[in-house]
1. For residue B:168, indicate whether it is assigned to a loop (DSSP other than H, G, I, E, B) and either farther than 18 Å from residue B:67 by Cα or without any contact (Cβ under 8 Å) to a residue 40 or more places away in the chain (or both).
2. Here are the criteria: (1) touching a residue at least 12 places away in the same chain (Cβ under 8 Å); (2) over 30 Å from residue B:215 (Cα atoms). Tell me which single one residue B:56 does not satisfy.
3. Which residues, counting only those in region A:203-222, are within 18 Å of residue A:86 (Cβ to Cβ) and free of Cβ contacts under 8 Å to residues at least 24 places away in the same chain?
4. Go through region A:24-72 and give me each residue that's within 14 Å of another protein chain (Cβ to nearest Cβ), surrounded by 18 or more Cβ atoms within 10 Å (Cβ to Cβ) and assigned to a loop (DSSP other than H, G, I, E, B).
5. Can you name every residue in region B:202-228 that is over 21 Å from residue B:49 (Cβ atoms) and touching a helix residue (DSSP H, G or I) at 6+ places or on another chain (Cβ under 6 Å)?
6. Scanning for something modelled with pLDDT of 85 or more and over 23 Å from residue B:104 (Cβ atoms), does region B:49-61 turn up at least one residue?
7. Only one of (1) more than 28 Å from residue B:356 (Cα to Cα); (2) crowded, with 20+ Cβ neighbours inside 10 Å is not met by residue A:163, so which one is it?
8. Residue A:153: assigned to a helix (DSSP H, G or I), out of contact with any strand residue (DSSP E or B) (no Cβ under 7 Å at 6 or more places or on another chain) and surrounded by 20 or more Cβ atoms within 10 Å (Cβ to Cβ), yes or no?
């Protein structure tokens, strides 16, 4: 429900995906989800990020289970993101602190394991083209971010995140806010782009930001100072 | 998944054992810490009250039982009997008032009282005459030190020592004025020692006893708190284990039947059981009562009830609600828990809290038919809480929002 169709983002080329998870049954489940989308192909799977990426050096997107062999793989995530690997973190650990830490470390997106096939496919497709995708659980973490240095979101961006988190339906959010679904997505994505400035710099964050500017989602001058966002509340065309 | 779940439960358990504070009362309206801190203070207060009664009793008993008969017997022998007797009456009245006020916990201002006592001291020494200087009839020797104790109760001992020293100097002046012999000076020294030692001992002793009582009570209270915490942590751990066992068994049964081919994955009933088991497992992983927040507690109770009735429900709380008055909590939770009872299919209950905003939302699938129990659609305010309810054909969406 509510997942966005991602249209023509990668042209005709297949998107190669690597899956890193230490539970074979989950790997098989995710593989089955991704198989439903013809633009995606799984190149390698395994429980060790380095081995998986040696097997599939050209993978466009890495789906990484954040908890590998009982350890949170945040440092590995940061290392991969710094080198420009598009990592989509997926985990059943959906406490907001963990999700925000994953964004700070450079994850392109965070997906809760229970969020299902539609969100998984949409997230991977968006990540492959350096575009943001915010599943509801991540929207909740962003809207409830208690950190004093959190990115400054506009009222509309906050409201869109909150309602998306609550309802998991962009159509319902659009009706409630009396705007189009497209605009709802813009508010949510713009909030996500502001998060590219939180935490340490990473190549993936720069790529997200560059693509957002290219797409006209944000203007470069909007990204410099978050405080000014409160006054720029209209969606970019 | 099962290994992760185990690890997660372990993590939560370890966190639970380290809960910093004792568990709050069910409605959480009063934080528990003050009660814990109050216990040692109450014990210290009781102990101090005992010492005060002793000090007041000594001062007044000495003044009346020993001072008064001697003064009355020797009243003709004084240089100025009116001054000696008047001083006695003045100190008796002032001492009684000071004693009563001290026992009621509202002592008279110490330094004016001390000044009055010293003035009486000097007047009596001047009026008592040479022959009665060291006799029992010179009541200021024996009595005044105890009234100093009453005047300066609860203050530092140095004040008492200063008063007693002044008292000794006044006495010395009186002794020297009469041209004393060696025996007089020896007697003077003895008297000064006598007037110093007992009041100072009682004064210091009572302070030490009160301090010890407070410490012991604090230690006992800390141990009780620790024991209560341990019991609460143990209980919640046990509850969690029981729930995990229950939920795990239910999930295991469905999986077992699916694996054995006894149940068809296409069977809607089997799918419903899977969804319910997954929702329960998810909640078990996500929820913990580490923060004993009453609003979340109420919502969890409502979610538990709905879940027992077979409704797969997600309850996701982000942030910790600030302490809210019970009326606000009711206005936030009640409309949604009411709707939850009527929900079919699935439900998603979310709470997003910040220091000055709490938003609770319930989303369930919209059903055909008249809305028997739902509130009127639209937005309205219930005091400081905003209510919103709408059906859009896909979902029913109720939201309550408090803005601080």
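The values are calculated or read from the model by the stated rules, or taken from the named source; none is laboratory data. Just so it is clear, the model here is predicted, and its values are computed rather than measured. FYI the Cβ positions are ideal-geometry reconstructions off the backbone, even for glycines, and counts take in every protein chain you see.
1. For residue B:168, the condition - assigned to a loop (DSSP other than H, G, I, E, B) and either farther than 18 Å from residue B:67 by Cα or without any contact (Cβ under 8 Å) to a residue 40 or more places away in the chain (or both) - is not met.
2. Every listed condition holds for residue B:56 apart from (2).
3. Matches in region A:203-222: A:206, A:209, A:213, A:214.
4. Answer for region A:24-72, where residues must be within 14 Å of another protein chain (Cβ to nearest Cβ), surrounded by 18 or more Cβ atoms within 10 Å (Cβ to Cβ) and assigned to a loop (DSSP other than H, G, I, E, B): just A:66.
5. Listed by number, the list holds a single entry, B:225.
6. No.
7. Of everything listed in (1) more than 28 Å from residue B:356 (Cα to Cα); (2) crowded, with 20+ Cβ neighbours inside 10 Å, residue A:163 misses just condition (1).
8. no
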